[in-house]
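Single-structure report; data block below.
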Amino acid sequence: MNIAGLASISLLTICILSYGLTGALAAEGNQEIPLSVDTNLPGYADGTEVVISGKVRDSSLSKNQTPVVLMVLNPAGGIVTIAQVNLDSDNKYSVSMVAGGPLWKASGEYTIKAQYGVQKGEAVFTFTVSSGATQEPVIEEPVIVEPVIEEPVPVVIEEPVIVEPEPEPEPEPMCGTGTVLEDGKCVAEEKGGGCLIATAAYGSEMAPQVQFLREIRDGKIMATESGTAFMTGFNQFYYSFSPAVADYERENPMFKEAVKITLTPLLTSLAILNYVDIDTEQEMLGYGIGVILLNIGMYFVAPAAVIIAIKNRRK
């Protein structure tokens, strides 16, 4: 009896533990991630449409209409594009973009990083750069027919057949980040791209100030190799803090107005580039360094000189 009783108790204990472990594993498997990121295809080529979508599990920032910030990085870690997408009523988001451009240089795995407040998500897809190789002409060897011994037959030599190479299609213009190709021209995208801080300050990506910054970037800076290299490095630094600043602008109207005032000297200095022709790398470097030094003087040297003058007058 003692052995049978112990066996029954042991069997009952094992059943209870296995049922609790199974329930815990099922609950863990059904748990939804805070911020999901998905693509419509696992891989893309030049000119194909990339659709990025996902869902936020807990939209704690919905009262402030905070968008999801999406950042696409190339295999070397460089930023190729930025997008801001608002959530719908089901806490879902979706945005599309065209793969290809001056920053989509290498084939390999591209990473999508998403951020919504403190919630973060990530996804990976592959991108293949088109080879564009030219077809070589095919030349067939002449066929020589040997004469028959019984009856002499003249040797027939066929003319070599030369296949003309097909003409290459005219290359389409490659648009920079924040623009798309429409009717053979690069125009501003309605979604994504642009300056996050300026967009939050002026309330819309279609604001004149934001469009002005986009035109300067794509029409002047990105038109040269040195300007493209500068924007690649600048994007790495700028987008490391701009999403947090843009969120705080939407939450604090006073801070938003202060940012508008701060951006005014920058917009004024960049307007100089609209009145000059930049056709070479040397001109881009010259005007670019000049504008940078002008902004350093307005934002740092001039305020420091005013503070020193006030201190000396008080003494």
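Taken together, the values in this text are just the output of simple stated rules run on the coordinates, not laboratory data. Computed from a predicted model, the values in this text were never measured in an experiment. Backbone-built Cβ (ideal geometry, glycine too); neighbour counts: all protein chains shown.
Per-structure values
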{"item": "Residue-wise HN-Hα coupling along the range 233-241, computed from phi with Karplus coefficients 6.51, -1.76, 1.60 (Hz; x: Gly, Pro)", "result": "x, 5, 4, 4, 6, 5, 7, 7, 10"}
{"item": "Modelled FRET efficiency - R0 30 Å, ARG313 with ASN252, Cβ distances, 0.05 increments", "result": "0.30"}
{"item": "Rounded if a/c under 1.5, otherwise prolate or oblate - the range 194-315, Cα gyration tensor axes", "result": "oblate"}
{"item": "Residues whose placed amide H lies under 5 Å from that of GLU122, excluding near-sequence neighbours", "result": "VAL37, ALA114"}
{"item": "The range 194-315, relative contact order in percent, only Cα pairs under 8 angstrom and at least six apart counted", "result": "29"}
{"item": "Estimated FRET transfer efficiency (ALA106, GLN65; beta-carbon r; R0 30 Å; 0.05)", "result": "0.25"}
{"item": "Long pairs among LYS220/LYS256; LYS55/LYS260; LYS92/LYS113, criterion Cα-Cα beyond 26 Å", "result": "LYS220/LYS256; LYS55/LYS260"}
{"item": "Theoretical gain in end-to-end length, PHE212 to THR280 [0.36 nm per residue, Cα-Cα removed]", "result": "22.3 nm"}
{"item": "ASP46 versus LEU293: modelled label distance in nm, points set 7 Å from Cα along the beta carbon direction", "result": "3.9"}
{"item": "Pairwise label distance in nanometres, THR126 with THR268, each label 7 Å out on the Cα-Cβ vector", "result": "5.4"}
